[in-house]
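Following: one structure in structure tokens, then a few remarks.
Values in this text are rule-based calculations from the coordinates and carry no lab data. No experiment lies behind these values; they were computed from the predicted model shown. As a convention, Cβ positions derive from the backbone with ideal geometry for all residues, glycine included, and neighbour counts pool all protein chains shown.
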Amino acid sequence: MMVHDEHTEIRESVRRLCAQFPAAYWREMDRERAYPTAFVQALTEAGFLAVLIPEEYGGSGLGLGAAAAILEEIQKSGANGAACHAQLYMMGTLLRHGSEEQKRKYLPGIASGALRMQAFGVTEPTSGTDTSALKTVARRDGDVWRVSGQKVWTSRAEYSDLMLVLARTRPPREGKKPADGLSVLLLDMREAGAGLTIRPIRTMMNHSTTEVFFDDVPVPAENLIGNEGDGFKYILSGMNAERILIAAECIGDARWFIDKAVNYAKEREVFGRPIGQNQGVQFPIARAYAATEAAALMVQQAVAKYEAGENVGAEANMAKLLAADASWQAADMCVQTHGGFGFAEEYDVERKFREARLYQVAPISTNLILSYLGEHVLGLPRSY
Ligand SMILES: Cc1cc2nc3c(=O)[nH]c(=O)nc-3n(C[C@H](O)[C@H](O)[C@H](O)COP(=O)(O)OP(=O)(O)OC[C@H]3O[C@@H](n4cnc5c(N)ncnc54)[C@H](O)[C@@H]3O)c2cc1C
């Protein structure tokens, strides 16, 4: 149910594209922990990953709502958009804070698919959610920045050409917040040399995530995004888009689980009647449906405020919280509805269940969203 949807054509064409990649494809990718290259290629060729890039640079210049519709449809089809969602949510940092030269240099290639911008290096092993305590440094050396340090959970680094890296370029200035002095660098990994090491991390779901080691990796000075030392602000402004888009994915996942459960509950007969005739089976499905529709309204609200250029911190966080909770509720319900078959690979429920679990933790964990709401929306004392 959508109150008003101006993206019906985009949704329809994403659905058609996803239909070419059936469950068996995703099962195999998952089993092998393989990157879904053919799927990402098809999305790229159809222009879906370039929707946020302005037309003058080769994209279609659409708003965040189009990106949200695309990601929701991908997840709703049973696919795993985590293979390429970052290009959409990282785009704002380059569009809003990149220089004209940077945009001319990189955006047309990203739009055509010649360049992949899929890696976002923020999280580090020792600092975790406390981003301002990160230890990766970038030191100016003539006309390059030299990056040293380590990132963890840098997803898709092996399948991306470009990485946005958050690094400390100087200590915080007196009286400024600890995040002062962090800067965003656009690293072209093809030119990084021997100092860059990428090691895959095998996870419970297929996510192509890695740890990345930087040993004096040179980044041309002109690849600094925006002002030196202001990088955290740029990352934060991009994070609202990221939260909204991940929330849209969670809505797609929740709808997939609900459809799957409804169909199964109608067909599966035990005690001589469909299991869905039992209210003990119906009600959890109905609850998951209500939670999903409510969360979807919050996602729409967040998209509308984002597109209107308003401060969307509260809505972006609430959308992520509610949508991730709705998808996890639906995932759990779907396993329960399927009984033993919920655990069988060939039903795809267990795979989507593993994939949906991530969004309680990443890109921002539930506790940290609640802290944001407590402190910044409700005016409660800061807890950390
Ligand atoms: C599969 C995967 C892909 C990812 N992809 C990327 C990526 O591409 N780029 C990137 O930069 N990062 C990525 N991440 C990292 C992700 O954003 C972090 O894992 C997440 O933000 C949580 O940080 P952490 O793991 O360091 O947990 P920690 O910060 O160590 O927190 C651990 C637990 O403690 C809780 N906690 C911590 N502090 C508080 C507090 N003050 N109050 C209450 N609870 C608290 C948290 O909620 C969490 O549940 C990815 C992670 C995963 C698992």
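Calculated [222 nm] ellipticity per residue, helices only, for the chain: -15500 deg cm²/dmol; basis is -39500 (n - 2.57) per DSSP H run with n ≥ 4, divided by all residues, nearest 500. Fully extending the segment from Glu32 to Tyr384 would add 122.7 nm, taking 0.36 nm per residue of separation and subtracting the current Cα-Cα distance.
In degrees, nearest 10, range 0 to 90: what is the angle between the Cα axis of helix 279-307 and the longest Cα principal axis of the chain? Helix 279-307 sits at roughly 30 degrees to that axis. Let a ≥ b ≥ c be the square roots of the eigenvalues of the Cα gyration tensor of region 118-229; is it rounded (a/c under 1.5), or, if not, prolate (a/b larger than b/c) or oblate? Judged from the Cα gyration tensor, region 118-229 comes out oblate (a/c at least 1.5, b/c at or above a/b). Residues considered: Arg156, Arg351, Arg190. Largest GNM mean-square fluctuation over the chain, using C-alpha springs under 10 Å, is found at Arg190.
For the Cα atoms of the chain, what angle does the longest principal axis make with the long axis of helix 8-19, in degrees from 0 to 90, nearest 10? Taking the Cα atoms of the chain, the angle to 8-19 is about 80 degrees.
Taking Met318, Met29, Met239 in turn, the Gaussian network model of the chain (Cα-Cα springs below 10 Å) assigns the largest fluctuation to Met29. The relative contact order of region 253-343, computed from alpha carbon pairs under 8 Å that lie at least 6 residues apart in sequence, is 38 percent.
Backbone geometry of region 139-154 corresponds, through the Karplus equation with coefficients 6.51, -1.76 and 1.60 at θ = phi - 60°, to 3J(HN,Hα) couplings of 10, 6, 9, x, 9, 10, 9, 10, 9, 9, x, 8, 10, 9, 6, 7 Hz, x marking Gly and Pro.
Each Cα pair under 8 Å and six or more residues apart adds its sequence gap; the mean of these over the residue count of the chain is a relative contact order of 15 percent.
When the Gaussian network model of the chain links Cα atoms closer than 10 Å, the mean-square fluctuations of Ile235, Ile246, Ile369 top out at Ile369.
Residue by residue, region 23-30 carries 3J(HN,Hα) couplings of 3, 4, 4, 5, 4, 5, 4, 5 Hz when phi is fed to the Karplus relation 6.51 cos²θ - 1.76 cosθ + 1.60 (θ = phi - 60°); x denotes Gly or Pro.
What is the helix-to-structure angle for 231-267, meaning the angle in degrees between its Cα long axis and the longest Cα principal axis of the chain, kept from 0 to 90 and rounded to the nearest 10? It is inclined by approximately 10 degrees. Of all lysines in the structure, those lying under 25 Å Cα to Cα from Lys135, and not within fewer than 8 positions of it along the same chain, are Lys151, Lys176, Lys177, Lys233. Taken about its Cα centre, the chain carries a charge dipole of roughly 700 debye when the Cβ of each Lys and Arg holds +1 and the Cβ of each Asp and Glu holds -1.
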